Amino acid sequence: MKNIFRNCIYQGKNLFRDFGFSFWSLIYPLIMAIFFYTALSEVLNSELENINVGVDSENPIVYILEEIDFLNIHEITQDEIVKKLDNEEIDGFIDRDLNIKVKESGINQTIIKEVVEQIKQMEKLNRPIENYDFEADYILDRNQKANSLVIIFYSLIAMVSTYGIFAGIETVSLIQANLSNIGERLNITPLRKSKFLLAGVIVALFLNLFANGILIIFIKYALKINLFNEIKYSAILLIMGNLFGVALGVFIGASNKKSSNVKTLIAIAITLALSFLSGMMNPEIKVMIDENAPILSRINPISIITNNLYRINLLESTKSVGEGILILSIYCIVLIFTSYIFLRRKNYDSI
Amino acid sequence: MTVFKHFIKIALRNKGVILSYTIIFLILSILNGSGNVQRESNFIETRLDIGIIDNSNSELSNSLKDYLKEKNNIIDTKLDEEYIKEQIFLGIADAIIIIPEDFDEKVINKENSIQIYNDDRKTESLQIENQINKFLTFINATYENGEYDLKDVKLALDKKTEVELVESDNKENNRGVVDWFKYYYNFTSYVIMAIYIAAIGLVMTDFTDENIGSRMKISSKKFLQFNKEIYLGQLTVAGMITLIFILGSIVLKGKYIGEVNFEKYVINVVVFSFSILCLTFLINNITRNKFIINAMSTVLSLGTSFMSGVMVPQEVLGENVLKIAKFFPTYYFVKINEMTVNSFLDMKYEISMQLLFAIVFLLMGLYFNKVKQKA
């Protein structure tokens with residue numbers, strides 16, 4: 001026990017002084033969060049905007065249109081129409097005969113069309129005006145914010161929660177004689193490699209969790225995006241993500257003899273590709289995968305973390321958490337077990 | 001050409017890593033392209049994606065459903081609040097409508113008779129609520145002697161109005177294909193930056209060894225000749241990677257090439273590749289630290305892509321973000337992909353900006369190399 005503790009301290013110091021670790025785990029996530037935030041801040045704070053409608057001064061329905069809350073009416077002359085449409089100052093133009101001119105198809109144009117149609121349809125229906133009760137509201141509104149872009153942030157957190165992968169690769173190379181000098185020395189001592197490895201895993205886990213904490217605090221207090229309303233399950237998921245990351249790192253480190261440079265590239269490529277599939281670069285990808293190959297998002301570890309994070313924090317649903325944690329645990333066990341098989345009983349005739 | 005040959009030799013030794021990196025990103029580009037909706041060029045009403053759960057199943061509720069079906073796409077849903085909320089959250093559905101059992105009664109009494117799950121901040125929500133309120137207002141307007149006149153309402157609702165699409169300059173008609181090419185090539189900019197810096201950086205690390213460096217310094221090879229050969233080596237590797245991506249678009253959408261301005265995309269991607277190659281050259285001359293290079297590869301590629309409109313369209317980004325984005329070649333690359341180009345002159349400004357970046361990067365790279373050599 002004392003042995004493991006001492007190893008933890010040494011490896012912790014070693015890792016903390018490593019530029020690669022501090023960059024990937026501490027600084028890089030912060031840079032990404034800032035990038036995402038600057039790019040998305042205006043999208044995240046979107047609000048319902050009124051629709052701009054152009055009419056000419058003699059339009060017979062101007063007084064009706066002016067009554068409608070969500071329309072902004074602009075009186076314009078005939079020769080301004082094309083210019084204003086091009087500059088997107090108006091979404092559509094209604095002429096005297098209630099025909100509409102637009103520049104593109106879209107939701108705003110469709111709404112203008114429906115408003116004009118409603119006026120024509122009321123004529124056609126031919127009922128006295130007092131029969132229409134426009135004050136009546138038949139709808140019981142259950143608001144649910146649609147915000148698929150927030151997924152990008154959850155996906156980022158999910159991705160960096162697996163960044164123990166780099167520390168995992170590092171630890172394994174420390175105990176392999178064919179990969180590092182320390183490994184050579186370690187192999188001729190009576191020290192147990194397994195304890196050294198265990199200490200490495202513990203250190204990687206704690207340092208990366210620490211880095212995740214900093215990122216979450218940064219997002220919450222510096223960028224002021226509220227992502228975590230539920231702490232318990234979120235924490236469990238993040239810890240599982242960390243464990244998975246370290247296990248995958250150990251596996252990449254143990255399974256081949258490539259240089260650590262190549263191993264780092266493999267690690268970056270894997271985590272980036274998995275994050276991409278979970279929606280980090282474009283939430284539409286996630287929706288597309290959910291629709292066409294839902295199994296992919298159920299087995300992709302980063303998707304598991306991303307999906308569960310938004311479900312428990314924004315939708316207050318904990319239904320799929322259990323399954324997610326189970327799948328992540330299976331991954332960890334399989335990865336650690338196979339790495340163990342790769343690492344055990346290695347002898348070297350000459351190095 | 002010793003240096004060049006050596007460079008290619010190392011590149012070939014690493015071909016497995018470079019190729020698998022390229023292929024992973026190629027797959028990502030293809031996925032990214034297919035995730036986007038197709039649009040037409042004549043005016044079509046926007047159809048919303050809505051889900052309907054009907055607990056009443058009366059004549060009235062069925063005619064409401066028919067009306068909504070005519071105007072919108074109906075998607076599957078189920079009576080499970082968590083499921084519904086997730087459909088709205090992800091934007092799979094614009095609205096989910098729940099019709100209660102005592103629907104008819106509530107409509108007559110003008111009560112809140114329908115539950116709608118949607119996002120109040122979206123224009124789509126306005127539209128669906130308008131449609132429902134209009135239908136029910138019409139229904140109540142015809143209510144006489146305890147009966148509605150569903151037939152009259154239906155007749156009235158069939159009355160349409162004309163919408164004219166004002167002439168636009170865009171000559172590319174098939175929007176779906178145009179969008180595919182746009183998204184594919186926009187995404188390529190991210191990939192090119194990520195792969196160039198990472199892959200070429202990987203090859204260059206072999207030149208970093210201090211001993212090798214010292215040996216190179218005392219050799220009779222001239223500074224400019226050495227750099228020329230290194231650059232030629234990088235150009236070869238980079239050219240291959242860009243070629244893979246151009247071929248990728250030909251293999252996937254080759255039969256549509258006639259319908260888009262393919263030369264625009266190719267010229268643009270070649271110029272952009274050149275400019276990023278110069279950036280890579282600069283980075284490799286500033287540092288040979290593998291960690292910094294890997295870091296630069298990811299941060300620069302993702303960062304500039306996000307800010308220049310590769311991931312999120314430029315029109316959605318804030319003005320301040322775009323102001324910063326103008327300091328990266330990616331901004332001009334995306335700009336060309338987004339615009340309609342009739343002749344080369346239309347894009348001369350954006351092309352020359354990219355070339356200008358290339359020259360600046362190259363000169364800075366040579367400067368840092370010279371400084372290092374003196375040290």
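Every read-out reported here was derived from the displayed coordinates using simple, explicitly stated rules and does not represent laboratory data. The model shown is predicted, which means the values in this text are computed figures rather than measured ones. Here the Cβ positions follow ideal geometry from the backbone for every residue, glycine too, while neighbour counts run over all protein chains shown.
Structure summary
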{"read-out": "Cβ-defined net charge surrounding B:K228, 13 Å radius [Lys, Arg +1; Asp, Glu -1]", "value": "+1"}
{"read-out": "Helical mean residue ellipticity (222 nm; -39500 (n - 2.57) per DSSP H run of 4+; nearest 500) of the protein assembly as shown", "value": "-20500 deg cm²/dmol"}
{"read-out": "Extension gain (nm, one decimal) between A:L198 and A:L326, 0.36 nm per residue minus Cα-Cα", "value": "43.9 nm"}
{"read-out": "Proximal aspartates and glutamates relative to B:K69, as straight alpha-carbon distance under 17 Å, when same-chain residues fewer than 8 apart are discounted", "value": "A:E114, B:E45, B:D49, B:D54, B:E59, B:D94, B:E124, B:E129, B:D158"}
{"read-out": "Neighbour-count order for A:T318, B:T77, fewest beta carbons within 10 angstrom listed first", "value": "A:T318, B:T77"}
{"read-out": "Rounded to 10°, Cα long-axis angle of helix B:290-308 versus longest principal axis of chain B", "value": "40 degrees"}
{"read-out": "Net charge over other residues, Cβ less than 13 angstrom from the Cβ of A:G324 (K, R count +1; D, E count -1)", "value": "+2"}
{"read-out": "For region A:51-131, the Rg and Dmax computed from alpha carbons only, in angstrom", "value": "12.8, 41"}
{"read-out": "Exposure proxy ranking, count of Cβ atoms within 10 Å, fewest first, for A:I182, A:I90, A:I299, B:I92", "value": "A:I299, A:I182, B:I92, A:I90"}
{"read-out": "Of the trypsin sites (Lys or Arg not before Pro) in region A:110-198, those whose Cβ has at most 15 other Cβ within 10 Å and which sit in DSSP loop", "value": "A:K145, A:R192"}
{"read-out": "Amide H partners (placed H, <5 Å) of B:S113, local residues excluded", "value": "A:I139, A:L140"}
{"read-out": "Residue of B:G233, B:G91, B:G213 that the Gaussian network model of chain B assigns the largest fluctuation, springs spanning Cα pairs under 10 Å", "value": "B:G91"}
{"read-out": "GNM top mover of A:N282, A:N50, A:N208 - chain A, alpha-carbon springs below 10 Å", "value": "A:N50"}
{"read-out": "Of A:K257/A:K286; B:K65/B:K85; B:K182/B:K326; A:K232/A:K263; A:K113/B:K71; A:K83/B:K182, pairs whose Cα-Cα distance is over 23 Å", "value": "A:K257/A:K286; A:K232/A:K263; A:K83/B:K182"}
{"read-out": "Among A:N178, A:N99, A:N229: highest mean-square fluctuation, GNM of chain A, C-alpha pairs under 10 Å", "value": "A:N99"}
{"read-out": "Burial ordering of A:S320, B:S189, fewest other beta-carbon atoms within 10 Å first", "value": "A:S320, B:S189"}
